[in-house]
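Undergrad: Following this message is one structure expressed as C-alpha cells.
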Amino acid sequence: MVAHRSVSAYRRALAPGGRYRCVGGSVPTLLRVLTLGTLTGLATGRRLAVLAAREGPAHFQPVAQSCVQGDLKIHIDRTFTLDEVPEALARVGEGHALGKVVVSVT
C-alpha cells in the first residue's frame, strides 16, 4: 500500500458494497484505514479495514482457506521472475504497484 494515498481514494475505487482490506503498510496508513476507513465505510456502504492474522501456520490457515474458497481475493499487480527482483523492488518502492507484487522462483 502506498502511504500517500488517502482513504477517500480507496473508497472511491470500490463499487457500492465493496470491501477493501489493508495488509501491511506504515503505521500512519494503518491508523487512517482503521479510523477514517471505518467511519467513511459506515456512511457509504464501502467497507475499509485492516486484515490481520497472527503469525504461524495455525493462524494463517483460515486466511489461506478464505482465499481458496474465493471469499478473500488478493489483487496481484504483477508477477516478476527471480531475475527481475530489482525491477520489482523499484516498482514497489516508487509507489507504482497497485496490489501485491509477486516474485516467482520457478
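Undergrad: If you check G24 against the conditions, is it under 20 Å from V101 (Cα atoms) and surrounded by fewer than 12 Cβ atoms within 10 Å (Cβ to Cβ)?
TA: Criteria met by G24.
Undergrad: Within the stretch 80-106, how many residues are farther than 21 Å from R21 by Cβ and in a strand (DSSP E or B)?
TA: Residues flagged as farther than 21 Å from R21 by Cβ and in a strand (DSSP E or B) within the stretch 80-106 amount to 4.
Undergrad: Restricting attention to the stretch 50-63, does a residue exist that is basic (K, R), surrounded by 14 or more Cβ atoms within 10 Å (Cβ to Cβ) and either in a helix (DSSP H, G or I) or not assigned by TED's automatic domain parsing to the domain that holds G99 (or both)?
TA: no
Undergrad: Here's a follow-up. List every residue pair whose Cβ atoms lie under 7 Å apart, where the two residues are 6 or more positions apart in sequence or sit on different chains, the first residue falls within the stretch 61-86 and is free of Cβ contacts under 8 Å to residues at least 24 places away in the same chain, and the second residue, located anywhere, is part of a loop (DSSP other than H, G, I, E, B).
TA: V63/A53; V63/L72; S66/L72; C67/I74; L82/V105
Undergrad: Here is a further query. Is there any pair linking a residue in the stretch 1-12 that is in the same structural domain as T29 (by TED's automatic domain parsing) and under 23 Å from A43 (Cα atoms) to one that is modelled with pLDDT of 55 or more and of a type in the set (F, W, Y), with Cβ under 8 Å and at least six apart or on different chains, and which?
TA: That search, which allows pairs on different chains as well, returns Y10/Y20; R11/Y20.
Undergrad: Do we have A88 as farther than 26 Å from L31 by Cβ and small (G, A, S) here? Even if it seems obvious, please write down each step before you answer.
TA: Values: farther than 26 Å from L31 by Cβ: yes; small (G, A, S): yes.
So A88 passes the test.
The values are calculated or read from the model by the stated rules, or taken from the named source; none is laboratory data. What you are looking at is a predicted structure, and each value in this text was computed from that prediction instead of being measured. Don't worry about glycine lacking a Cβ; one is built from the backbone with ideal geometry, like all the others, and counts go over all protein chains shown.
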